[in-house]
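The values are calculated or read from the model by the stated rules, or taken from the named source; none is laboratory data. Treat the numbers as computed from the prediction; the structure is a model and nothing was measured. Neighbour counts are summed over all protein chains in view; Cβ atoms, including those assigned to glycine, are modelled from backbone coordinates with ideal geometry.
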Amino acid sequence: MASVSLEGLTKSYGNGVLKAVNDLNLEIEDGEFVVLVGPSGCGKSTALRMIAGLEEISDGGVWIGDQFVNDVHPKDRDVAMVFQNYALYPHMTVFDNIAFALQIAGMPRDEIRRRVEDAARTLELTDYLKRRPGQLSGGQRQRVAMGRAIVRQPAVFLMDEPLSNLDAKLRVQMRAEISKLQRRLGVTTIYVTHDQVEAMTMGDRVALLRDGNLQQVAPPSVMYDEPANMFVAAFLGSPSMNLLWGELGEVSASGTTLKLGGQTLLLTTEKIAGLRRLGAYANRAVVVGIRPEDIYPAADRPGATSKIRSNIDLVEALGSDKVLHFSIDARQALVKSSDSLDELNHGEAGKAHCVARLNARTPLRMGDDVDLVFDTDRLHFFDGETGEAIR
Amino acid sequence: MVTDRRLDSRSLAAHRRTRKLRRNLRGIGLHAILIVLLIAMLYPVIWMVLSSLRPEDEIFGGLGLIPKSWTIENYVKGWQLSGNPTFAAFFINSFIISALAVVGNLISCSMAGYAFARLHFPFKWLWFALMLGTIMLPIHAQMIPQYIFFLKIGWVNTILPLVVPKFLATDAFYIFLMVQFMRSLPAELEQAAVLDGASYWQRYWRIILPLTMPALVTTAVFTFIHTYNDFLGQLIYLTDVKSMTVPVALRLFLDPSGGQSSVGGLFAMVVLSIAPVLGFFLASQRLLTKGIATQGFK
Amino acid sequence: MSEVETSVARPKPVRVRPPPNTSRSSLSRMENRAAYWFLLPWLAGFFFITVVPMLASAYLSFTDYRVLKPPQWVGLQNYVAMTHDRRLFVSVGVTLRYVLISVPLVLIFSLAVAALLNRGLKGLAIYRSLFYVPSLIGASVGIGMLWREVFGARGIFNSFLALFGIKGAGWMSSPGTALYTVIGLNVWTFGAAMVIFLAALRQIPESYYEAASLDGANALQKFRRITLPLLTPVIFFNLVLNTIGAFQSFTQAFVVSGGTGGPVDSTLLYTIYLYQRAFQHLEMGYASAMAWVLLATIAAFTALLFWSSRFWVFYGD
């Protein structure tokens, strides 16, 4: 077991013109579960493969424990990898698949048998050891891939979208199993996924990449509540955060105002107390973000001071809750190249589409006019030019 | 309403019947064409097989297939045509050469195929292009110096000139076949093996080669058939009766005068000579289709 | 172990990093070395069985070489002599007739039978195997010997003709027909090309034909407008392969004519003449020149076919 450090890790193509991974710095502690997440093509898999040694490192370095491993052959890095398509050897039995690395290492047969059987028991594969991968279900194959990794007792697990080939139900189940297994074995794990639910639920910390650049590293809840920039804000959460252009008023002792199109919200001093840099944006345009679950019907919040009037475009009843699509008189702020932004976001100026997630029993229907309350405690502010969070 | 629908379904059934009939008729017509063509094509071979089992003087008695009397006399006569050595020696020579050629091609072509398909090295494209170029090259431009060289080192009338080149992957077509097949195997398989600590040789021998089984079977079958049937090479290099193979020996049935010494004996030996080819083909058909499918992936 | 503790505000180990790029070169150098080990047999064969003999043969073609004495440099003399060699011209004529007649026939038969087989018939696998059988054995000496008997004066081909009251001659012994029996033997082995066509036909999506049916196309129109254009790359492939093969054809004409290319040189393929000059007359220099002319001819024909493919081969997607 070991820590993993990435320092200035870079992968460039075409003489440095294209950077799949750009100057990635990340310290992963011993036993930690870190999720690398981002839209497809963000460089997360490339980063993982550089750690494994399957991809050349263009610049920067990788340490596993105290060892600088750029020079070290993949097999000597003491890492095990679970591939997206599992890469099980089709011509070998489950036993041989799991045992292969130990056989290569020349371990005594008894010891191999003992370790493979241990791993099989952990993963409930004991009855399948004589089968070939082609005779297994998707979930079983996934477990064989896991077995192949754990049997080696490596210092680091590397997992490249290991659940993306499973159907939705199995994915939920395996998600929990992998988390449990990792906690029990305590092996440092780097887990790549494009699925934000996996990122939120599995990792001790989440590292979000976009176009090869690290956007933020933080525990999932921190990243969700305090996104470092608009991209992080829009990427995490489903439906994703509503992002609107607004204008801050004068910041005074009693607070400030926020104009969203034709409507004005009052922000009291205590509500913006934590945002020290907000003063610099007085009388300027900022991007305001609000998560769908932080919007309420005015009827549920009798004490609220500022309401927003809008018309309901669409109601999606999901059973557990209701997703409300509505338009307000404001300008939409768009995040480019995020794959989790709703289509509805591409509205014309002056008519921003917003989404709210409400209690399933809220009696609202399409076409209704409604007063909504934005929870002003939970507004996010971003610099309109850099996209950075204002705090 | 109800009657209407019943009427409708009855006429529909009739319609279906005529359509089925028409399709069947067309099918029968097609089968008839193909079967007549097949009989015309294979008739000489069938005729030869049956003629080899009838007395010599009955052979040219017309088109009839079924012998009036059966005999294996032709086989006995043909087998000992040249006295000593008999055809036993020729068959053994042919099998040794073919078997060694199969082994040689399997090893050398799969190794070269692995390098071209899955490893990176400088000037790979150039080597690959040269390799492809040799597929189209007629052997005649190399044949003469090769012969002179093998003659000088005393390899004529041994099997070495026919076998050694196979261990040097000179049948580039099979390299191409392997490359095509190995390229289609997922890269992750080998990456997993790298992380499992496998060396290049272990990756080739334990991962890639077992998965290339269909291409290996194809290579084995066609190498066998081509080597076994090959005539020019064996004609040039095997002139001594003791070293002769079946194709070369069959020419012993030709009289210098241009006639045929024993048609019955000839037919018997031709039947025996093509039997291994057909047998190998039939046996491999099942293997070819059973080749390990690349399962284990989504 | 390369760790130096220099704790300032936030304790972070400063690591001594080896100079960059060492990893790339050492790992890929390892792969290069492995690759050349795997290539070693082929490289040896390529140089010693292919390249060196070809160069030697090019050199020999400019010499007078009869094995027993060392080669004598004669310049272009062999090539000049070829222009006066009457038998050589005969053999060129025979070879061209052989190639230009048998290759188109092979393609037509193989495509026609493949198209028939591709119409959803039962027993496709059996038909395919049976049609393939001649290709397996057609190149063997045994079948060549059989052919002599089938098309001999008292052979079963004449017995068959006798059913219709036709009295056939010895097809093998008459100069007018001997070459055509050899061509017939080559066409007999159309199964190999057919298998390739069949595989290609089965790749054409059924939906194209369904769409054409809805557009009102009949079977012939579908074949002409859909099947043929989509098949042109495979037709080209078979054409090139069979042309190159036909130029090098040797065994069958050799066996059928008893090694002479007769009667009256009517089956004297270029390769047979080359063999006679090289291995019967031991004129290795002249035969080498002949081999290079053959090589150039095949190259020219192949180049011509590739050039023409621009006008008729359709590469989709």
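Output the residues belonging to region A:248-277 that are acidic (Asp, Glu) and either farther than 21 Å from A:Glu385 by Cα or touching a Leu at 6+ places or on another chain (Cβ under 7 Å) (or both). Matches in region A:248-277: A:Glu270 only. A search for C-beta distances below 7 Å between a residue of region B:169-195 that is within 14 Å of chain A (Cβ to nearest Cβ) and any residue that is among the aromatic types (Phe, Trp, Tyr) and assigned to a loop (DSSP other than H, G, I, E, B), counting only pairs 6+ apart in sequence or on different chains, returns B:Pro186/B:Phe297; B:Glu188/A:Phe83; B:Leu189/A:Tyr89; B:Ala192/A:Phe83.
The single residue among B:Trp79, B:Trp127 that is aromatic (Phe, Trp, Tyr) and farther than 20 Å from C:Ala44 by Cβ turns out to be B:Trp79. Of the residues making up region A:93-143, those that are outside any loop (DSSP other than H, G, I, E, B), more than 9 Å from chain B (Cβ to nearest Cβ) and among the β-branched types (Val, Ile, Thr) are A:Val94, A:Ile98, A:Ile112, A:Val116, A:Thr122, A:Thr126. Of the listed requirements (1) at the interface with chain B (Cβ under 9 Å from one of its Cβ atoms); (2) of a type in the set (Gly, Ala, Ser); (3) in contact (Cβ under 8 Å) with a residue 40 or more places away in the chain; (4) buried (at least 19 other Cβ atoms within 10 Å of the Cβ), C:Ala178 misses just one: (1). Among the residues of region C:197-226, those that are under 22 Å from C:Tyr132 (Cα atoms) and surrounded by 15 or more Cβ atoms within 10 Å (Cβ to Cβ) comprise C:Phe197, C:Leu198, C:Ala200, C:Leu201. Counting only residues that are among the basic types (Lys, Arg) and more than 10 Å from chain B (Cβ to nearest Cβ), region C:93-127 holds 1 of them. Here C:Ala200 meets each of (1) in contact with a Lys or Arg (Cβ under 9 Å, 6 or more places away or on another chain); (2) part of a helix (DSSP H, G or I); (3) farther than 13 Å from C:Asn242 by Cα with one exception, condition (1). For region C:158-190, which residues satisfy the criterion of being in a helix (DSSP H, G or I) and of a type in the set (A, V, I, L, M)? Of everything in region C:158-190, those that are in a helix (DSSP H, G or I) and of a type in the set (A, V, I, L, M) turn out to be C:Leu161, C:Ala162, C:Ala178, C:Leu179, C:Val182, C:Ile183, C:Leu185, C:Val187. The criterion of at least 1 residues that are at pLDDT 90 or above and on the phi > 0 side of the Ramachandran plot is met, among strands (runs of 3 or more DSSP E) falling completely within region A:1-87, by A:4-13, A:18-28, A:59-64. Quick check, is A:Leu136 under 19 Å from the mean Cα position of the chain (by Cα) and either aliphatic (A, V, I, L, M) or within 21 Å of A:Ile28 (Cα to Cα) (or both)? Answer is no for this residue.
When restricted to residues that are part of a helix (DSSP H, G or I), in contact with a Gly (Cβ under 6 Å, 6 or more places away or on another chain) and more than 12 Å from B:Leu232 (Cβ to Cβ), region C:241-277 contains 1. Reported count of residues in region B:52-62, each being at the interface with chain C (Cβ under 9 Å from one of its Cβ atoms) and either in a helix (DSSP H, G or I) or within 30 Å of the chain's Cα centre (by Cα) (or both), is 1. Set side by side, the residues B:Ala115, B:Ala88 differ, and just one is free of Cβ contacts under 8 Å to residues at least 24 places away in the same chain, assigned to a helix (DSSP H, G or I) and surrounded by 22 or more Cβ atoms within 10 Å (Cβ to Cβ), which is B:Ala115. Being of a type outside the set (D, E, K, R) and at pLDDT below 80 is the requirement here; does A:Asn359 meet it? So A:Asn359 does not fit the description; no.
Table: residues versus (1) β-branched (Val, Ile, Thr); (2) in contact with a Cys (Cβ under 6 Å, 6 or more places away or on another chain); (3) at pLDDT 95 or above; (4) closer than 30 Å to B:Lys124 by Cα.
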position	(1), (2), (3), (4)
C:Pro20	no, no, no, yes
C:Phe38	no, no, yes, yes
C:Ala44	no, no, yes, yes
C:Ile49	yes, no, no, yes
C:Val67	yes, no, no, no
C:Met82	no, no, no, no
C:Ser91	no, no, yes, no
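Conditions tested, residue by residue: (1) more than 17 Å from the chain's Cα centre (by Cα); (2) within 7 Å of another protein chain (Cβ to nearest Cβ); (3) surrounded by 18 or more Cβ atoms within 10 Å (Cβ to Cβ).
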{"site": "B:Arg203", "(1), (2), (3)": "yes, no, yes"}
{"site": "B:Met213", "(1), (2), (3)": "no, no, no"}
{"site": "B:Thr218", "(1), (2), (3)": "no, no, yes"}
{"site": "B:Ser243", "(1), (2), (3)": "yes, no, yes"}
{"site": "B:Phe253", "(1), (2), (3)": "yes, yes, yes"}
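Evaluated against (1) assigned to a helix (DSSP H, G or I); (2) more than 25 Å from the chain's Cα centre (by Cα); (3) within 19 Å of C:Ala278 (Cα to Cα); (4) among the aliphatic types (A, V, I, L, M), C:Leu55 falls short on exactly one condition, (2). Which of the residues spanning region A:146-170 are assigned to a helix (DSSP H, G or I), touching a residue at least 12 places away in the same chain (Cβ under 8 Å) and not aliphatic (A, V, I, L, M)? Residues satisfying the conditions are A:Gly147, A:Arg148.
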